[in-house]
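J.: A single structure is presented below for examination.
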């Protein structure tokens, strides 16, 4: 049975941070199983757009309005473009700036038991 997870998006001193909820720490990857559901809770005062960097092009969700939750719910796929998904690195799109060199946060897909 699929589990549901949330990642809080916050802003501290101008930095956007991602914290797995409940009980995670900022910057910690979220551990999930395939077919689990993930949402992002945008607790900032700005719209946030997320993009997958690894694997590139994996759709996560629509832009998330300030103070709102992501839509649609992201369902962790077992594969993407015929390759197994073991982790998902993503970043938030900074206005008028190129993508960062490394993902801002990670979702780690653990083996289903």
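The values are calculated or read from the model by the stated rules, or taken from the named source; none is laboratory data. Everything numeric here is computed off the predicted structure, so don't read it as measured data. Note that each Cβ is placed from the backbone with ideal geometry, even for glycine, and that neighbours are counted across all protein chains shown.
J.: When the range 55-76 is examined, which residues are found to be surrounded by 15 or more Cβ atoms within 10 Å (Cβ to Cβ) and over 17 Å from residue 16 (Cα atoms)?
T.: 55, 58, 60, 61, 74, 76
J.: Please count how many residues of the range 35-60 are closer than 20 Å to residue 84 by Cα and either touching a helix residue (DSSP H, G or I) at 6+ places or on another chain (Cβ under 6 Å) or not in a strand (DSSP E or B) (or both). Spell out the reasoning first.
T.: Residues of the range 35-60 that are closer than 20 Å to residue 84 by Cα, as a first pass: 35-38, 51-60.
If we keep only those that are either touching a helix residue (DSSP H, G or I) at 6+ places or on another chain (Cβ under 6 Å) or not in a strand (DSSP E or B) (or both) as well, we get 35-36, 55, 57-60.
Total satisfying the criteria: 7.
J.: Those residues that are modelled with pLDDT under 95, in a strand (DSSP E or B) and under 18 Å from residue 30 (Cβ atoms), I need them from the range 64-83; list them, please.
T.: Correct list: 80 only.
J.: Could you check how many residues of the range 74-89 are closer than 15 Å to residue 41 by Cα and in contact (Cβ under 8 Å) with a residue 40 or more places away in the chain?
T.: First, the residues of the range 74-89 that are closer than 15 Å to residue 41 by Cα: 74.
Subsequent filtering for residues that are in contact (Cβ under 8 Å) with a residue 40 or more places away in the chain retains none.
Residues in the range 74-89 being closer than 15 Å to residue 41 by Cα and in contact (Cβ under 8 Å) with a residue 40 or more places away in the chain: 0 in total.
J.: Any residue that is closer than 12 Å to residue 106 by Cα, part of a loop (DSSP other than H, G, I, E, B) and touching a strand residue (DSSP E or B) at 6+ places or on another chain (Cβ under 7 Å) - is there at least one of those in the range 8-23?
T.: No, the range 8-23 contains no residue that is closer than 12 Å to residue 106 by Cα, part of a loop (DSSP other than H, G, I, E, B) and touching a strand residue (DSSP E or B) at 6+ places or on another chain (Cβ under 7 Å).
J.: Exactly one of (1) closer than 14 Å to residue 77 by Cα; (2) buried (at least 18 other Cβ atoms within 10 Å of the Cβ); (3) within 11 Å of the chain's Cα centre (by Cα) is unmet by residue 36. Its number?
T.: (3)
J.: Can we say residue 27 is without any contact (Cβ under 8 Å) to a residue 24 or more places away in the chain and in a loop (DSSP other than H, G, I, E, B)? Let's see the steps before the verdict.
T.: Working: without any contact (Cβ under 8 Å) to a residue 24 or more places away in the chain: no; in a loop (DSSP other than H, G, I, E, B): yes.
Against the criterion (without any contact (Cβ under 8 Å) to a residue 24 or more places away in the chain and in a loop (DSSP other than H, G, I, E, B)), residue 27 does not qualify.
J.: Looking at the range 94-103, is at least one residue surrounded by 14 or more Cβ atoms within 10 Å (Cβ to Cβ), within 14 Å of the chain's Cα centre (by Cα) and within 27 Å of residue 46 (Cα to Cα)?
T.: yes
J.: Looking at the structure I just gave you, is residue 27 under 17 Å from residue 4 (Cα atoms) and at pLDDT below 95? Write out each step before concluding.
T.: Numbers: under 17 Å from residue 4 (Cα atoms): no; at pLDDT below 95: yes.
For residue 27, the condition - under 17 Å from residue 4 (Cα atoms) and at pLDDT below 95 - is not met.
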